[in-house]
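S.K.: Questions regarding the structure given below will be posed in turn.
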Amino acid sequence: MGFCGAVLLFLSYTLIFATFPFSLCLCIKVVAEYERTVIFRLGRILEGGAKGPGLFFIVPCMDMIRKVDLRTVTFDVPPQEVLTKDSVTVAVDAVVYYRIYNPVIAVTNVEDADRSTRLLAATTLRNVLGTKNLSEILSERESISNMMQNMLDDATDPWGVKVERVEVKDVRLPVQLQRAMAAEAEAAREARAKVIAAEEGLPGSQRGRRCYQRVAVRLQLRYLQTLNTISAEKNSTIIFPLPLEILAHFMHKPPL
(Lines give C-alpha, C1' and ligand atoms only; values in the text may rest on other atoms or scores of the structure.)
Protein backbone atom coordinates (compact mmCIF):
# COMPACT_ATOMS: atom_id res chain seq x y z
CA MET A 1 0.00 0.00 0.00
CA GLY A 2 2.95 2.32 0.55
CA PHE A 3 3.38 4.97 3.20
CA CYS A 4 0.15 6.87 2.39
CA GLY A 5 -1.86 3.67 2.43
CA ALA A 6 -0.44 2.68 5.81
CA VAL A 7 -1.32 6.10 7.23
CA LEU A 8 -4.87 5.92 5.94
CA LEU A 9 -5.25 2.40 7.31
CA PHE A 10 -4.02 3.53 10.76
CA LEU A 11 -6.44 6.48 10.79
CA SER A 12 -9.31 4.22 9.72
CA TYR A 13 -8.64 1.72 12.52
CA THR A 14 -8.37 4.60 14.99
CA LEU A 15 -11.78 5.88 13.89
CA ILE A 16 -13.28 2.39 14.16
CA PHE A 17 -12.00 1.93 17.74
CA ALA A 18 -13.11 5.43 18.68
CA THR A 19 -16.69 4.80 17.55
CA PHE A 20 -16.86 1.21 18.87
CA PRO A 21 -19.37 -0.55 19.09
CA PHE A 22 -21.37 1.62 16.66
CA SER A 23 -18.80 1.08 13.92
CA LEU A 24 -19.53 -2.68 13.85
CA CYS A 25 -22.62 -2.15 11.73
CA LEU A 26 -20.36 -0.74 8.98
CA CYS A 27 -17.37 -3.04 9.44
CA ILE A 28 -19.05 -6.47 9.54
CA LYS A 29 -20.67 -7.85 6.39
CA VAL A 30 -22.54 -11.10 5.74
CA VAL A 31 -22.77 -13.04 2.49
CA ALA A 32 -25.00 -16.01 1.76
CA GLU A 33 -23.87 -19.53 0.92
CA TYR A 34 -24.36 -18.95 -2.81
CA GLU A 35 -22.47 -15.61 -2.87
CA ARG A 36 -18.85 -14.51 -2.78
CA THR A 37 -17.43 -11.04 -2.15
CA VAL A 38 -14.42 -9.47 -3.81
CA ILE A 39 -12.82 -6.77 -1.60
CA PHE A 40 -10.81 -3.89 -3.07
CA ARG A 41 -8.63 -1.99 -0.63
CA LEU A 42 -7.40 1.26 -2.12
CA GLY A 43 -8.16 -0.19 -5.57
CA ARG A 44 -6.34 -3.50 -5.06
CA ILE A 45 -7.81 -6.93 -4.39
CA LEU A 46 -6.99 -8.29 -0.95
CA GLU A 47 -4.91 -11.42 -0.70
CA GLY A 48 -6.92 -14.61 -0.40
CA GLY A 49 -9.29 -13.89 -3.25
CA ALA A 50 -13.04 -13.80 -2.75
CA LYS A 51 -14.49 -13.87 0.75
CA GLY A 52 -17.46 -15.85 2.02
CA PRO A 53 -19.76 -17.34 2.83
CA GLY A 54 -20.45 -16.02 6.34
CA LEU A 55 -19.07 -13.02 8.25
CA PHE A 56 -16.04 -10.95 7.28
CA PHE A 57 -14.53 -7.64 8.34
CA ILE A 58 -13.93 -4.57 6.17
CA VAL A 59 -12.53 -1.10 6.71
CA PRO A 60 -15.35 1.29 5.70
CA CYS A 61 -13.13 4.20 4.66
CA MET A 62 -10.77 2.13 2.51
CA ASP A 63 -12.54 -1.01 1.25
CA MET A 64 -14.98 -1.41 -1.61
CA ILE A 65 -16.87 -4.69 -2.01
CA ARG A 66 -18.43 -6.42 -5.01
CA LYS A 67 -20.85 -9.32 -4.46
CA VAL A 68 -20.98 -12.11 -7.03
CA ASP A 69 -23.79 -14.67 -7.30
CA LEU A 70 -22.55 -18.22 -7.98
CA ARG A 71 -25.95 -19.72 -8.82
CA THR A 72 -26.86 -20.84 -12.33
CA VAL A 73 -28.43 -18.03 -14.34
CA THR A 74 -30.94 -18.65 -17.13
CA PHE A 75 -31.84 -16.17 -19.86
CA ASP A 76 -33.66 -16.23 -23.20
CA VAL A 77 -31.80 -15.21 -26.31
CA PRO A 78 -34.13 -12.84 -28.24
CA PRO A 79 -35.42 -14.17 -31.59
CA GLN A 80 -32.72 -13.67 -34.20
CA GLU A 81 -33.49 -13.18 -37.89
CA VAL A 82 -31.03 -15.54 -39.57
CA LEU A 83 -30.35 -16.12 -43.27
CA THR A 84 -29.52 -19.81 -43.64
CA LYS A 85 -27.01 -21.32 -46.03
CA ASP A 86 -29.76 -22.07 -48.59
CA SER A 87 -31.03 -18.44 -48.48
CA VAL A 88 -34.07 -18.96 -46.23
CA THR A 89 -34.90 -16.37 -43.56
CA VAL A 90 -35.91 -17.89 -40.21
CA ALA A 91 -36.39 -16.51 -36.69
CA VAL A 92 -34.66 -18.61 -34.02
CA ASP A 93 -34.49 -18.14 -30.24
CA ALA A 94 -32.64 -20.13 -27.59
CA VAL A 95 -32.13 -20.59 -23.84
CA VAL A 96 -28.70 -20.35 -22.18
CA TYR A 97 -27.70 -21.63 -18.72
CA TYR A 98 -24.46 -20.33 -17.18
CA ARG A 99 -22.79 -19.70 -13.83
CA ILE A 100 -19.76 -17.80 -12.52
CA TYR A 101 -17.05 -20.15 -11.24
CA ASN A 102 -14.33 -17.56 -10.52
CA PRO A 103 -15.62 -14.36 -8.86
CA VAL A 104 -12.28 -12.54 -8.98
CA ILE A 105 -11.87 -12.98 -12.76
CA ALA A 106 -15.54 -12.15 -13.35
CA VAL A 107 -15.07 -8.81 -11.59
CA THR A 108 -11.62 -7.82 -12.83
CA ASN A 109 -11.56 -9.10 -16.45
CA VAL A 110 -14.96 -7.92 -17.69
CA GLU A 111 -17.11 -4.93 -16.83
CA ASP A 112 -20.45 -6.78 -16.79
CA ALA A 113 -20.22 -10.56 -17.14
CA ASP A 114 -23.98 -11.04 -17.42
CA ARG A 115 -24.51 -8.48 -20.20
CA SER A 116 -21.43 -9.65 -22.09
CA THR A 117 -22.59 -13.26 -22.00
CA ARG A 118 -26.04 -12.31 -23.29
CA LEU A 119 -24.67 -10.33 -26.23
CA LEU A 120 -22.17 -13.05 -27.09
CA ALA A 121 -24.92 -15.71 -27.04
CA ALA A 122 -27.02 -13.74 -29.55
CA THR A 123 -24.03 -13.25 -31.85
CA THR A 124 -23.00 -16.91 -31.62
CA LEU A 125 -26.54 -18.05 -32.44
CA ARG A 126 -26.55 -16.01 -35.66
CA ASN A 127 -23.07 -17.16 -36.66
CA VAL A 128 -23.77 -20.86 -36.12
CA LEU A 129 -27.15 -20.92 -37.87
CA GLY A 130 -25.79 -18.95 -40.81
CA THR A 131 -23.64 -21.96 -41.75
CA LYS A 132 -26.53 -24.45 -41.69
CA ASN A 133 -29.26 -25.36 -44.17
CA LEU A 134 -32.92 -25.17 -43.19
CA SER A 135 -33.23 -28.95 -43.06
CA GLU A 136 -30.19 -29.16 -40.76
CA ILE A 137 -31.63 -26.52 -38.41
CA LEU A 138 -34.92 -28.42 -38.15
CA SER A 139 -33.42 -31.90 -37.72
CA GLU A 140 -30.09 -31.30 -35.91
CA ARG A 141 -31.03 -29.07 -32.99
CA GLU A 142 -29.04 -31.11 -30.48
CA SER A 143 -25.79 -30.87 -32.44
CA ILE A 144 -26.34 -27.13 -32.98
CA SER A 145 -26.92 -26.66 -29.24
CA ASN A 146 -23.72 -28.56 -28.39
CA MET A 147 -21.75 -26.50 -30.91
CA MET A 148 -23.06 -23.25 -29.43
CA GLN A 149 -22.28 -24.42 -25.90
CA ASN A 150 -18.66 -25.24 -26.78
CA MET A 151 -18.15 -21.93 -28.56
CA LEU A 152 -19.68 -19.90 -25.73
CA ASP A 153 -17.78 -21.83 -23.07
CA ASP A 154 -14.44 -21.19 -24.79
CA ALA A 155 -15.22 -17.50 -25.30
CA THR A 156 -16.43 -16.83 -21.73
CA ASP A 157 -13.73 -18.82 -19.93
CA PRO A 158 -11.45 -15.72 -19.55
CA TRP A 159 -14.40 -14.00 -17.84
CA GLY A 160 -14.77 -16.68 -15.17
CA VAL A 161 -18.09 -17.85 -16.68
CA LYS A 162 -19.03 -21.49 -17.30
CA VAL A 163 -21.77 -22.12 -19.90
CA GLU A 164 -23.54 -25.27 -18.74
CA ARG A 165 -26.24 -25.75 -21.38
CA VAL A 166 -27.68 -24.20 -24.54
CA GLU A 167 -31.03 -25.18 -26.03
CA VAL A 168 -32.56 -24.02 -29.32
CA LYS A 169 -36.08 -23.15 -28.26
CA ASP A 170 -38.08 -22.37 -31.39
CA VAL A 171 -37.60 -22.07 -35.14
CA ARG A 172 -40.16 -19.81 -36.83
CA LEU A 173 -40.60 -20.13 -40.58
CA PRO A 174 -42.32 -17.63 -42.91
CA VAL A 175 -46.00 -18.37 -43.55
CA GLN A 176 -45.48 -18.85 -47.29
CA LEU A 177 -42.69 -21.33 -46.65
CA GLN A 178 -44.88 -23.27 -44.21
CA ARG A 179 -47.62 -23.55 -46.83
CA ALA A 180 -45.14 -24.66 -49.48
CA MET A 181 -43.68 -27.33 -47.20
CA ALA A 182 -47.18 -28.56 -46.28
CA ALA A 183 -48.15 -28.80 -49.95
CA GLU A 184 -44.95 -30.67 -50.75
CA ALA A 185 -45.52 -33.16 -47.94
CA GLU A 186 -49.14 -33.71 -48.99
CA ALA A 187 -48.10 -34.32 -52.62
CA ALA A 188 -45.47 -36.83 -51.47
CA ARG A 189 -48.05 -38.71 -49.37
CA GLU A 190 -50.51 -38.83 -52.26
CA ALA A 191 -47.80 -40.11 -54.60
CA ARG A 192 -46.87 -42.89 -52.16
CA ALA A 193 -50.54 -43.82 -51.77
CA LYS A 194 -50.98 -44.09 -55.53
CA VAL A 195 -47.88 -46.25 -55.84
CA ILE A 196 -49.13 -48.58 -53.11
CA ALA A 197 -52.57 -48.82 -54.74
CA ALA A 198 -50.99 -49.59 -58.11
CA GLU A 199 -48.77 -52.29 -56.61
CA GLU A 200 -51.74 -53.92 -54.91
CA GLY A 201 -53.74 -54.02 -58.16
CA LEU A 202 -50.84 -55.29 -60.30
CA PRO A 203 -51.29 -59.07 -59.62
CA GLY A 204 -55.00 -58.92 -60.37
CA SER A 205 -54.40 -56.98 -63.58
CA GLN A 206 -51.84 -59.53 -64.73
CA ARG A 207 -54.21 -62.45 -64.08
CA GLY A 208 -57.12 -60.81 -65.85
CA ARG A 209 -55.27 -59.26 -68.75
CA ARG A 210 -56.90 -61.56 -71.29
CA CYS A 211 -60.40 -60.70 -70.04
CA TYR A 212 -60.01 -56.97 -70.66
CA GLN A 213 -59.24 -56.84 -74.34
CA ARG A 214 -62.39 -55.14 -75.45
CA VAL A 215 -62.38 -51.33 -75.53
CA ALA A 216 -65.84 -51.00 -74.01
CA VAL A 217 -64.85 -52.93 -70.91
CA ARG A 218 -61.74 -50.83 -70.38
CA LEU A 219 -63.78 -47.65 -70.68
CA GLN A 220 -66.26 -49.03 -68.16
CA LEU A 221 -63.48 -49.70 -65.65
CA ARG A 222 -62.03 -46.23 -66.18
CA TYR A 223 -65.49 -44.79 -65.69
CA LEU A 224 -65.97 -46.62 -62.39
CA GLN A 225 -62.53 -45.53 -61.19
CA THR A 226 -63.38 -41.90 -61.88
CA LEU A 227 -66.62 -42.23 -59.91
CA ASN A 228 -64.71 -43.72 -56.99
CA THR A 229 -62.22 -40.84 -56.98
CA ILE A 230 -64.94 -38.18 -57.07
CA SER A 231 -66.98 -39.81 -54.31
CA ALA A 232 -63.95 -39.90 -51.95
CA GLU A 233 -63.63 -36.11 -51.96
CA LYS A 234 -65.76 -33.80 -49.85
CA ASN A 235 -67.61 -31.79 -52.46
CA SER A 236 -71.10 -31.10 -53.71
CA THR A 237 -70.74 -32.78 -57.10
CA ILE A 238 -73.89 -34.57 -58.30
CA ILE A 239 -73.22 -37.73 -60.31
CA PHE A 240 -75.69 -39.39 -62.69
CA PRO A 241 -74.45 -42.91 -63.54
CA LEU A 242 -75.06 -43.68 -67.18
CA PRO A 243 -74.26 -47.11 -68.66
CA LEU A 244 -71.79 -46.97 -71.50
CA GLU A 245 -73.90 -49.41 -73.51
CA ILE A 246 -76.40 -46.64 -74.19
CA LEU A 247 -73.66 -44.35 -75.47
CA ALA A 248 -72.24 -47.16 -77.59
CA HIS A 249 -75.57 -47.46 -79.41
CA PHE A 250 -75.31 -43.83 -80.55
CA MET A 251 -71.60 -44.04 -81.22
CA HIS A 252 -71.96 -46.87 -83.74
CA LYS A 253 -75.15 -45.55 -85.37
CA PRO A 254 -74.48 -44.72 -89.03
CA PRO A 255 -75.02 -41.10 -90.09
CA LEU A 256 -78.19 -40.17 -91.99
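The values are calculated or read from the model by the stated rules, or taken from the named source; none is laboratory data. Just so it is clear, the model here is predicted, and its values are computed rather than measured. When we count neighbours, we look across all protein chains shown, and the Cβ atoms used for this are built from the backbone with ideal geometry, even at glycine. Side chains included, ligands, DNA and RNA excluded: accessible areas come from the protein's heavy atoms. Shrake-Rupley method; radii C 1.70, N 1.55, O 1.52, S 1.80 Å.
S.K.: Rounded, prolate or oblate: which one fits the range 1-66, using the alpha carbon gyration tensor with axes a ≥ b ≥ c (rounded when a/c is under 1.5, else prolate when a/b beats b/c, else oblate)?
M.R.: Values: a/c = 3.13, a/b = 1.27, b/c = 2.46.
Verdict is oblate for the range 1-66.
S.K.: Here is a further query. Which aspartates and glutamates have a Cα lying under 17 Å from the Cα of Lys51, excluding residues fewer than 8 positions away in the same chain?
M.R.: Of all the aspartates and glutamates, those that pass the test against Lys51 - Cα under 17 Å, at least 8 places apart if same chain - are Glu33, Glu35, Asp63, Asp69.
S.K.: Find the relative contact order for the range 1-89 and round it to a whole percent, using C-alpha pairs within less than 8 Å whose residues are 6+ positions apart.
M.R.: Values: 95 pairs, mean separation 24.9, N = 89.
Rounded, it is 28 percent for the range 1-89.
S.K.: Given a Förster distance of 25 Å, report the FRET efficiency between Thr89 and Asn150 from their Cβ-Cβ distance, rounded to the nearest 0.05.
M.R.: Computed FRET efficiency for Thr89 and Asn150 comes out at 0.45.
S.K.: Please compute the modelled spin-label separation between Glu142 and Arg44, points set 7 Å along Cα→Cβ, answer in nm with one decimal.
M.R.: Output for this residue pair reads 5.3 nm.
S.K.: Place a label point 7 angstrom from the Cα of Thr131 along the Cα-to-Cβ direction, then list the residues of the range 49-88 whose backbone nitrogen is under 13 Å away.
M.R.: Flagged as within label range: 85.
S.K.: Let me ask another. What whole-number distance in Å separates the alpha-carbon centres of the range 47-92 and the range 104-134?
M.R.: 11
S.K.: Shifting gears a bit: Starting from the range 57-129, pick out the chymotrypsin sites (Phe, Trp or Tyr not before Pro) whose DSSP state is loop and whose Cβ has at most 14 other Cβ atoms within 10 Å.
M.R.: Tyr101
S.K.: Please give me, ordered by residue number, the GluC sites (Glu not before Pro) of the range 24-125 that lie in loop per DSSP and have at most 14 other Cβ atoms within 10 Å.
M.R.: Hits after loop and neighbour filter: Glu33, Glu47, Glu111.
S.K.: When ligands, DNA and RNA are left out and all protein chains stay put, how many square angstrom of accessible area per residue does the range 12-69 have with a 1.4 Å probe?
M.R.: That works out to 63 Å² for each residue.
S.K.: Multiply the residue separation of Phe56 and Gln176 by 0.36 nm, subtract the distance between their alpha-carbon atoms, and state the gained length in nm to one decimal.
M.R.: Length difference between fully extended and current span is 36.9 nm.
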